[in-house]
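The values are calculated or read from the model by the stated rules, or taken from the named source; none is laboratory data. Since the structure is predicted, the reported quantities are computational estimates derived from the model, not experimental observations. Heads up, the Cβs are rebuilt from the backbone with ideal geometry, glycines too, and the neighbour counts pull from every protein chain shown.
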């Protein structure tokens with residue numbers, strides 16, 4: 001036998017290309033981004049230039065420890081009055097908000113006197129502790145509330161369930177966009193990608209740069225962000241994951257690599273734009289009231305866009321050759337390769353699609369929160385994995401069902417638990433479903449060992 005000359009591939013070449021691509025992108029973005037860190041209050045509120053505040057008094061005496069919350073345009077925050085009856089809640093932008101008083105924290109038989117509400121504040125019909133308020137010419141709105149004897153009016157439990165179910169469906173559809181991409185990656189590569197949350201953040205950041213920083217039209221910024229998300233997916237696979245697959249790296253090491261990549265991306269994002277929350281452009285028209293259901297303009301757009309994209313991806317997976325090839329690889333990659341399917345090409349396509357879906361989810365999440373922040377995607381990471389597991393690991397359609405279950409569970413849970421703990425309800429839903437069906441709703445049983 002003669003000697004064979006083997007050309008050795010440099011395994012780090014693709015990674016160098018990936019890092020160079022990301023560095024170039026960050027340098028471009030950094031021209032327009034600030035580096036100031038966000039200040040926060042003692043109770044964790046991010047200090048912005050807009051806030052509501054005031055005093056709560058009863059018989060000319062301040063009332064301490066009254067729960068005050070605010071909600072509007074996808075934003076929620078809560079606080080309590082101090083010993084002087086004072087409260088303050090910061091909001092991301094000037095808009096109309098609903099301020100609510102936790103009437104269980106008021107003295108017995110006492111309500112807010114609706115006849116002494118300040119100008120620009122009106123009671124929400126059918127309630128005695130919720131009020132609509134909006135800013136005047138300045139970024140500060142003082143809402144002093146006076147208590148008096150009266151009968152409390154509360155929204156019926158069925159109206160609350162209906163309203164929260166619709167909000168949960170909205171959030172679930174948004175979550176499904178990110179979960180579908182993560183599920184497709186897991187199905188074709190068996191990689192639990194912890195950096196997927198930062199791919200969501202990337203979409204929001206690109207939209208922010210193209211619209212708020214560079215003053216381009218919103219539609220153009222959205223298109224650019226989606227293309228940028230697809231390019232990030234391509235770069236990650238070409239520069240990192242494809243070389244690792246060729247080297248035969250097993251599941252656990254690749255998962256650890258994804259955790260390290262997530263941390264690296266996250267803190268590069270923070271270095272480039274700082275720790276504050278920045279807003280995407282867009283108007284906030286008056287919300288639409290359909291009985292007990294209140295939907296903002298952003299809510300309607302989010303639901304419509306999510307449905308259109310989900311249906312489009314479903315059509316791709318079930319009606320196109322590449323989509324069917326993707327499903328075949330998810331079922332059995334060795335058999336798919338034996339039938340002539342180019343596995344590497346399909347996996348590369350899956351990463352591009354997952355990056356684009358994550359970018360769309362990031363843009364909608366930035367409006368739903370609202371605001372773009374360096375770690376905004378991390379808030380979705382646990383929910384993404386919950387949705388994937390509930391629906392069945394590796395199946396995109398299961399991720400959709402799991403996301404809707406998670407979204408509705410999160411919103412309905414606020415009827416009984418504090419809103420700060422609502423995301424924990426996703427874990428409860430996960431445990432209950434796995435106890436009944438360990439492989440997930442659309443998953444298949446697999447023999448271990």
Quick check on residue 190: is it modelled with pLDDT under 95 and either within 16 Å of the chain's Cα centre (by Cα) or over 22 Å from residue 69 (Cα atoms) (or both)?
yes
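Check 67, 74 and return the single one that is touching a helix residue (DSSP H, G or I) at 6+ places or on another chain (Cβ under 8 Å) and modelled with pLDDT under 85.
Going through 67, 74 in turn, just one is touching a helix residue (DSSP H, G or I) at 6+ places or on another chain (Cβ under 8 Å) and modelled with pLDDT under 85: 74.
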Among the residues in the stretch 221-233, are any in the same structural domain as residue 333 (by TED's automatic domain parsing), out of contact with any helix residue (DSSP H, G or I) (no Cβ under 8 Å at 6 or more places or on another chain) and over 27 Å from residue 396 (Cα atoms)?
no
What are the pairs, 6+ residues apart or on separate chains, where a residue within the stretch 150-169 that is at pLDDT below 80 has its Cβ under 6 Å from a residue that is part of a helix (DSSP H, G or I)?
152/103
The condition from (1) outside any helix (DSSP H, G or I); (2) farther than 21 Å from residue 232 by Cα; (3) at pLDDT 90 or above that residue 376 misses is numbered (2)
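From the list 366, 356, 337, 387, exactly one residue is closer than 18 Å to residue 74 by Cα and touching a helix residue (DSSP H, G or I) at 6+ places or on another chain (Cβ under 9 Å). Which is it?
366 is the lone residue from the list that is closer than 18 Å to residue 74 by Cα and touching a helix residue (DSSP H, G or I) at 6+ places or on another chain (Cβ under 9 Å).
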Residue check, residue 347 closer than 20 Å to residue 201 by Cα, part of a helix (DSSP H, G or I) and either within 26 Å of the chain's Cα centre (by Cα) or free of Cβ contacts under 8 Å to residues at least 12 places away in the same chain (or both):
no
Residues in the stretch 153-171 that are more than 25 Å from residue 302 (Cβ to Cβ) and surrounded by 15 or more Cβ atoms within 10 Å (Cβ to Cβ) total 1
Determine whether residue 389 is buried (at least 18 other Cβ atoms within 10 Å of the Cβ), at negative phi and either free of Cβ contacts under 8 Å to residues at least 12 places away in the same chain or over 20 Å from the mean Cα position of the chain (by Cα) (or both).
no
Grab the strands (runs of 3 or more DSSP E) fully contained in the stretch 37-124, keeping just those with 3 or more residues being in contact (Cβ under 8 Å) with a residue 60 or more places away in the chain.
50-58, 75-80
